[in-house]
Amino acid sequence: MQLTWPQVLSWRLRRQFVAGADAPDTLAVVRRLCGVQTQVASSARLAIAVRGADPDVDPLLWEQRTLVKTWVMRGTLHLVAADELADYCAALATLRSWEKGAWQRGHGVTAKEIEAIIEAVPQALRDSVLTREELVDAVVEVTGDQHLREALTSGWGALLKPLARLGELCYGPPRDGKVTFTSPHTWLKDWALPSHEEAGVRVARAFLGAHGPASPEIFDKWLFGGVSRKAVLKGWFAALRPELTEVDVEGQSLLALTSTLDDLAAARPSADVHLLPGFDQYILGAPRDLTALIPAEVKAKVSRAAGWISPVVVYQGRVAGVWEPDGSLELFEEVPGATQALERIMAGSR
């Protein structure tokens, strides 16, 4: 099957609930997108709102516990469906970067110390919800290693991310304005990690269902940052192969779920304008060098320093401008209706 990028991008906009803004509910958005990045909480809420769902995620996180907040894809903070978290953890745990000397030196710990942290944190969090300071105190008490206090309180939680990837740590409800952590073992119902083989196939299937057609390398970049164990990745896609069809997208050979082929073939290029927040999955799920989505000459304004992804104006499926929460707008081409779309976004955020 031959497809064009405008077709594919139009299909993605519909699959990701952007075109139509018709998501049935917040949980459906998070499931379909394979998580919503929440490094910037306001961007996560807007990503849900522009898809027609309720952006108030707190009841789902802290009361119903159908969503969970933790570090997953690429070590970044996401909202994910609680009953899918184990799959992400099992898949991500196949890459244990913290066991490498370069990682340990970069974070100022020894192999013995990171091993002690990985052993102590689950003990501290079992049946507990602790602030970061309380968790550090508990780890120091368990290990007797005062050096870990400095290591655990510096940076952006880098030494806690391996615990999140292993399924031993997730965010708990804020307390007095402070972040807390707890254990999925006690926080979530029926918590158990599946085999990475089963988990990896399910995650890859979900990714292709929203961000396809794609290649194993594109999936790797999204999930691991492009540093997966290649044998593991190959095994997942081999197991998924009976569900896949190879398609040609303007000369590029990619894989699509066979179940999506009719919809892809029927897709027509979009003429609509959409304003998406920073760190939106429509951008994050695609390679940064996909010029059909992000023209090369504007890439630096979209994918900025320190991994910052700008809020974008999407026109005809591609990035045609950037905008800011203060109401400023920069267009890279003529975009009919962009100003009015921005006004609606700003009015809705007040």
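The values are calculated or read from the model by the stated rules, or taken from the named source; none is laboratory data. Just so it is clear, the model here is predicted, and its values are computed rather than measured. Neighbour counts run over all protein chains shown; Cβ positions are idealised from the backbone, glycine included. Keep in mind that these areas ignore ligands, DNA and RNA; they rest on the heavy atoms of the full protein, side chains included. Shrake-Rupley method; radii C 1.70, N 1.55, O 1.52, S 1.80 Å.
If you scan region 79-94, which residues turn out to be in contact with a Pro (Cβ under 6 Å, 6 or more places away or on another chain) and surrounded by 24 or more Cβ atoms within 10 Å (Cβ to Cβ)? Of everything in region 79-94, nothing turns out to be in contact with a Pro (Cβ under 6 Å, 6 or more places away or on another chain) and surrounded by 24 or more Cβ atoms within 10 Å (Cβ to Cβ).
In region 102-112, what residues are of a type outside the set (Ser, Thr, Tyr) and open to solvent by 30 Å² or more (accessible area, probe 1.4 Å)?
If the condition is that a residue be of a type outside the set (Ser, Thr, Tyr) and open to solvent by 30 Å² or more (accessible area, probe 1.4 Å), then Ala102, Trp103, Arg105, Gly106, His107, Gly108, Ala111, Lys112 are the ones that fit.
Can you confirm whether Ala199 is touching a helix residue (DSSP H, G or I) at 6+ places or on another chain (Cβ under 6 Å) and either at pLDDT below 95 or part of a helix (DSSP H, G or I) (or both)? Spelling it out, Ala199 is indeed touching a helix residue (DSSP H, G or I) at 6+ places or on another chain (Cβ under 6 Å) and either at pLDDT below 95 or part of a helix (DSSP H, G or I) (or both). Considering only region 118-141, state which residues are out of contact with any Asp or Glu (no Cβ under 9 Å at 6 or more places or on another chain), open to solvent by less than 30 Å² (accessible area, probe 1.4 Å) and farther than 21 Å from Leu61 by Cα. Hits for region 118-141 are Val136, Ala138, Val140. Any chance region 180-190 includes a residue that's among the hydroxyl-bearing types (Ser, Thr, Tyr), more than 16 Å from the chain's Cα centre (by Cα), within 27 Å of Asp262 (Cβ to Cβ) and at pLDDT 95 or above? No, that holds for no residue.
Here the condition is being of a type in the set (Phe, Trp, Tyr) and surrounded by fewer than 20 Cβ atoms within 10 Å (Cβ to Cβ); of Trp71, Trp5, it holds for Trp5 alone. Taking region 41-69 only, how many residues are small (Gly, Ala, Ser), in contact with a strand residue (DSSP E or B) (Cβ under 8 Å, 6 or more places away or on another chain) and without any contact (Cβ under 8 Å) to a residue 60 or more places away in the chain? Looking only at that region, the number is 0. Collect the residues in region 50-74 that are part of a helix (DSSP H, G or I) and either of a type in the set (Phe, Trp, Tyr) or more than 14 Å from Phe279 (Cβ to Cβ) (or both), keeping them in residue-number order. Within region 50-74, Asp58, Pro59, Leu60, Leu61, Trp62, Glu63 meet the criteria. For first residues located in region 24-40 and farther than 18 Å from Gly209 by Cβ, partners that are in a helix (DSSP H, G or I) and lie 6+ apart or on another chain with Cβ distances below 6 Å form the pairs Thr26/Ile48; Thr38/Ala44.
Here are Ala116, Ala120, Ala151: which of them is free of Cβ contacts under 8 Å to residues at least 24 places away in the same chain and farther than 30 Å from Arg15 by Cα? Full working, then the answer.
Details: Ala116 fails: free of Cβ contacts under 8 Å to residues at least 24 places away in the same chain; Ala151 fails: free of Cβ contacts under 8 Å to residues at least 24 places away in the same chain.
When all the criteria are applied, what remains is Ala120.
The number of residues in region 191-220 that are within 15 Å of Ile283 (Cα to Cα) and in contact with a Ser or Thr (Cβ under 9 Å, 6 or more places away or on another chain) comes to 4.
Looking only at region 228-274, residues that are under 16 Å from Pro216 (Cα atoms), in contact with a Gly (Cβ under 7 Å, 6 or more places away or on another chain) and of a type in the set (Gly, Ala, Ser) come to 1 in all.
Being open to solvent by 30 Å² or more (accessible area, probe 1.4 Å), modelled with pLDDT of 95 or more, among the hydrophobic types (A, V, I, L, M, F, W, C) and closer than 28 Å to Met1 by Cα is true for just one of Ala286, Ala265, Ala256, Ala300. Which residue is that?
Exactly one of Ala286, Ala265, Ala256, Ala300 is open to solvent by 30 Å² or more (accessible area, probe 1.4 Å), modelled with pLDDT of 95 or more, among the hydrophobic types (A, V, I, L, M, F, W, C) and closer than 28 Å to Met1 by Cα, namely Ala265.
Can you find a residue in region 8-20 that is at pLDDT below 95, more than 27 Å from Ser228 (Cβ to Cβ) and open to solvent by 50 Å² or more (accessible area, probe 1.4 Å)? Yes, the conditions are met somewhere in region 8-20. Considering region 147-168, and only residues there that are out of contact with any helix residue (DSSP H, G or I) (no Cβ under 6 Å at 6 or more places or on another chain) and outside any helix (DSSP H, G or I), the residue that is surrounded by the fewest Cβ atoms within 10 Å (Cβ to Cβ) turns out to be Trp156.
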